[in-house]
Amino acid sequence: FPHRGGRVAESAFLWVHGLRFAYPECVVLDNLSLAWPPGLALVRGDESTGKTTLLRVLAGELTAEAGSITLQGVDLIRAAKASGPQVFWANPRSSEWDPLTARGWLDSLPARYPRWDAAALAEHIDGFSLHEHLDKPFYALSTGSKRKVLMAGALASNAPLTLIDEPVGGLDKPSLRYLAQALASQAARPDRLTVVAHYEALPEVPWGSVLDL
C-alpha cells in the first residue's frame, strides 16, 4: 500500500490510512487502508462485517481510534464539523427524521450542501416514484419509500463524498432498475465519490473500486 507521499495516495480522491475502530465487545476495523479515485465504490460484506460502521466512521458519526481519512487533500477527522458539506450520510435505520415529511427533509438539504442539484432531485423523485409520498412524515413511510427518499437526497446533494448504506431494502423492481441507472450515472464523475455498502455487487452498476470486509 502506498505510503504517505506516494503517488497513488496523493492522487487518490479518498485516502484512508491505518483506520481502527472497535466497539466494547469487538474490533470492527483494524488498520484499514485504501486509496480510491472518484466515481463509484462498493463496500461489500456479510452481516456484521463492519460495512455500516465504516460508513459511519467516514461520515464522522463514529470517531476512529487511530488512522486518518483524507478527502481531496482535506483531513476529515481534523476538519470534523467543517467537513459537513463535503460528506453526505443519512443512516436509513435512524428515526431522527420521523416528525418531518419527506418534502420537509428534502427542502432542508440545499442550505447544507452548496452543490445541491435541484434538477437531479426532480429526476430521482420521478425515477423512484416518490411524488405520492412527499407529504407523508417519515414515520409513515415504508422501509423502501424511506430509503428511496434518503437516496434521492443523497444523489442530489452532490456532496464530494456520498455514503449510501444497504440501498435495496424494501425496493420494488422498477426502483431497483432506477437505482442501478442512477448509480451508474455517477461512475464517471471526476468530482465525486459515491460509496455504497451492500452484501453483493448490484448488477449493471460499474463499480470502480471494491472493498471486501
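None of 122, 152, 140 is aliphatic (A, V, I, L, M), at pLDDT 95 or above and under 18 Å from the mean Cα position of the chain (by Cα) except 152. Residues of the stretch 48-84 that are closer than 28 Å to residue 138 by Cα, small (Gly, Ala, Ser), open to solvent by 30 Å² or more (accessible area, probe 1.4 Å) and touching a Leu at 6+ places or on another chain (Cβ under 6 Å): 59 alone.
Looking at (1) open to solvent by 20 Å² or more (accessible area, probe 1.4 Å); (2) in a helix (DSSP H, G or I), which is the one condition that is false for residue 201? Going through (1) open to solvent by 20 Å² or more (accessible area, probe 1.4 Å); (2) in a helix (DSSP H, G or I) one by one, residue 201 breaks only (2). Of all residues in the stretch 174-197, those satisfying the criterion of being within 23 Å of residue 129 (Cα to Cα) and open to solvent by 70 Å² or more (accessible area, probe 1.4 Å) are 174, 177, 181, 185. Per the listing 189, 112, 147, the residue uniquely touching a Pro at 6+ places or on another chain (Cβ under 7 Å), of a type outside the set (A, V, I, L, M) and under 16 Å from residue 39 (Cα atoms) is 189. Scanning the stretch 63-104 for residues that are farther than 19 Å from residue 154 by Cα and acidic (Asp, Glu) yields 65, 75.
Going by the conditions given, is residue 6 over 19 Å from residue 163 (Cβ atoms) and either among the acidic types (Asp, Glu) or modelled with pLDDT under 95 (or both)? The answer is yes for residue 6. Only one entry of 21, 1, 13 meets the criterion of being modelled with pLDDT under 95 and either hydrophobic (A, V, I, L, M, F, W, C) or open to solvent by less than 10 Å² (accessible area, probe 1.4 Å) (or both), and that entry is 1. Scanning the stretch 30-53 for residues that are over 21 Å from residue 90 (Cα atoms), free of Cβ contacts under 8 Å to residues at least 60 places away in the same chain and not acidic (Asp, Glu) returns 31, 32, 33, 35.
The values are calculated or read from the model by the stated rules, or taken from the named source; none is laboratory data. What you are looking at is a predicted structure, and each value in this text was computed from that prediction instead of being measured. Cβ: placed from backbone, ideal geometry, glycine included. Neighbour counts: every protein chain shown. What goes into the accessible areas is simple: the full protein's heavy atoms, side chains included, and nothing from ligands, DNA or RNA. Shrake-Rupley method; radii C 1.70, N 1.55, O 1.52, S 1.80 Å.
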